[in-house]
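See structure below.
The values are calculated or read from the model by the stated rules, or taken from the named source; none is laboratory data. None of these values were measured; they are calculated from a predicted model. Virtual Cβ from ideal backbone geometry, glycine too; neighbours counted across all protein chains shown. Note: accessible area is taken over every heavy atom of the protein model, side chains too, but ligands, DNA and RNA are not part of it. Shrake-Rupley method; radii C 1.70, N 1.55, O 1.52, S 1.80 Å.
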Amino acid sequence: MENLVRHIVSALVDEPDEVKISVEQSERGGELIRIEVAEGDRGTVIGRQGRTIRAIEAVISAAARGPAPRLEIGP
């Protein structure tokens, strides 16, 4: 799942070398995928009114076996 998120996000941003993905167990029991990108690329990943990040979540949800992991964009 981590590689899928990295591939999608890297294709969207201007600085793909700055993309960092980490997978953690969330406090609520599921997986949490933390996405870190360059400051100028955060808006690109989020998209207008969150449309891009919701689309990424939909792809991750479709690819997940079991409960879909949550996505979080960090600094």
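Of the trypsin sites (Lys or Arg not before Pro) found in the chain, the ones in coil according to DSSP and having at most 13 other Cβ atoms within 10 Å of their Cβ are ARG28, ARG65. Rolling a 1.4 Å probe over the protein heavy atoms of the chain, with every protein chain left in place, gives an accessible area that is 46 percent carbon and sulfur. Annotation for region 4-75: GluC sites (Glu not before Pro) lying in DSSP loop with at most 13 further Cβ atoms inside 10 Å of their Cβ are GLU27.
Rg over Rh for the chain works out to 0.94, both radii taken from alpha-carbon positions and Rh defined as the Kirkwood radius.
Order the following by accessible area, largest value first: VAL23, VAL5. Probe radius 1.4 Å; ligands, DNA and RNA are ignored.
The ranking, largest first, comes out as VAL23, VAL5.
With protein chains left intact and a 1.4 Å probe, residues in the chain average 66 Å² of accessible area per residue.
Can you give the local net charge around VAL13? Use residues other than it whose beta-carbon is closer than 13 angstrom to its beta-carbon, Lys and Arg +1, Asp and Glu -1.
-4
Label separation (GLN25 vs VAL59): 2.9 nm, computed from points 7 Å beyond Cα along the C-beta direction. Across region 28-41, computed HN-Hα scalar couplings (Karplus, 6.51 cos²θ - 1.76 cosθ + 1.60, θ = phi - 60°) run 8, x, x, 7, 10, 9, 9, 10, 10, 9, 4, 3, x, 9 Hz from first to last residue, x flagging Gly and Pro. Placing ILE35, ILE8 in order of accessible area, with the largest value first and a 1.4 Å probe, yields ILE8, ILE35.
For the chain, what is the mean residue ellipticity at 222 nm derived from helices alone (per DSSP H run of n ≥ 4: -39500 (n - 2.57); sum divided by total residues; nearest 500 deg cm²/dmol)?
Result for the chain: -11000 deg cm²/dmol, rounded to the nearest 500.
Determine the sum of side-chain charges near GLU57: Lys and Arg each +1, Asp and Glu each -1, restricted to other residues whose C-beta is under 13 angstrom from that of GLU57. Its environment carries a net charge of +1. Take every pair of alpha-carbon atoms less than 8 Å apart whose residues are at least six positions apart; their mean separation over the length of the chain yields a relative contact order of 33 percent.
Using only side-chain charges placed at the Cβ, +1 for Lys and Arg and -1 for Asp and Glu, the dipole size of the chain relative to its Cα centre rounds to 440 debye.
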